[in-house]
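As structure tokens, the structure follows; a few thoughts come after it.
The values are calculated or read from the model by the stated rules, or taken from the named source; none is laboratory data. What you are looking at is a predicted structure, and each value in this text was computed from that prediction instead of being measured. Here the Cβ positions follow ideal geometry from the backbone for every residue, glycine too, while neighbour counts run over all protein chains shown. Protein only, heavy atoms only, side chains kept; ligands, DNA and RNA dropped before computing areas. Shrake-Rupley method; radii C 1.70, N 1.55, O 1.52, S 1.80 Å.
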Amino acid sequence: MTKWFNVGKIVNTHGIRGEVRVISRTDFPEERYKVGNILYIWREKNEPLPVTITSHRRHKNFDLLTFEGYTNVNEVEVFKGSILKVPDSQLGELPENEYYYHEIIGCTVVTEDGDELGKIKEILAPGANDVWVVKLTNGKEAYIPYIEQVVLKVDVKEKMVTIHLMEGLL
């Protein structure tokens with residue numbers, strides 16, 4: 001069974017030549033939106049519609065895309081609110097110590113002493129490094145920076161992250 005991963009959401013059209021405005025949810029917009037790549041548009045209760053990218057550019061906080069065979073605003077108007085996805089077969093290999101969000105979210109966080117702290121529920125990307133939001137076993141949240149001084153080991157197969165519990169972290 002194919003797993004699908006969100007790349008972005010089509011929030012509006014842009015201009016009259018079939019361009020769509022996308023809020024990206026991918027770490028790799030240059031790769032995902034490369035001319036010639038195939039993305040899949042998921043609309044409510046419909047099968048995924050494969051589309052081939054013919055252009056990509058950045059405008060303000062959006063990625064603007066056009067698709068092969070869609071050259072008019074009226075043809076892409078129906079895509080508003082749709083999600084762009086890729087199948088797991090289009091995920092590439094990452095360098096060492098880099099991970100896809102879906103590999104990290106849901107991991108159990110433990111200290112180097114083996115004490116369980118909670119599970120990673122979200123990843124924030126505020127700037128220099130990602131911050132992992134951990135739902136602690138007591139119901140509160142903690143913010144763990146993804147830096148080598150804190151994150152000691154990531155085991156995506158076992159869904160386990162070991163951290164060094166620095167003073168003031170929790």
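The table for this structure:
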read-out: Segment 16-27, subset in contact (Cβ under 8 Å) with a residue 40 or more places away in the chain and open to solvent by less than 50 Å² (accessible area, probe 1.4 Å), residue farthest from the chain's Cα centre (by Cα); value: Gly18
read-out: Checklist (1) more than 21 Å from Asn6 (Cβ to Cβ); (2) surrounded by fewer than 16 Cβ atoms within 10 Å (Cβ to Cβ) applied to Leu117, failing item; value: (2)
read-out: Residue in segment 77-90 that is of a type in the set (Gly, Ala, Ser), farther than 21 Å from Ala125 by Cα, in contact (Cβ under 8 Å) with a residue 60 or more places away in the chain and part of a helix (DSSP H, G or I) present; value: yes
read-out: Failed criterion for Glu96 (all others in (1) at pLDDT 85 or above; (2) within 14 Å of Val154 (Cβ to Cβ) hold); value: (1)
read-out: Search result, residues across segment 144-170 that are under 17 Å from Ala125 (Cβ atoms), touching a Leu at 6+ places or on another chain (Cβ under 9 Å) and surrounded by fewer than 17 Cβ atoms within 10 Å (Cβ to Cβ); value: Val150
read-out: Residue list for segment 67-114, restricted to those being open to solvent by 50 Å² or more (accessible area, probe 1.4 Å), within 30 Å of Ile16 (Cβ to Cβ) and hydrophobic (A, V, I, L, M, F, W, C); value: Val78
read-out: Any hit, segment 35-56, residues being assigned to a loop (DSSP other than H, G, I, E, B) and hydrophobic (A, V, I, L, M, F, W, C); value: yes
read-out: Residues being in contact with a strand residue (DSSP E or B) (Cβ under 8 Å, 6 or more places away or on another chain) and either surrounded by 15 or more Cβ atoms within 10 Å (Cβ to Cβ) or at pLDDT below 90 (or both) - total across segment 28-66; value: 20
read-out: Residues (more than 15 Å from Gly92 (Cβ to Cβ) and in contact with a Gly (Cβ under 7 Å, 6 or more places away or on another chain)) located in segment 11-50; value: Val22, Ile23, Ser24, Arg25
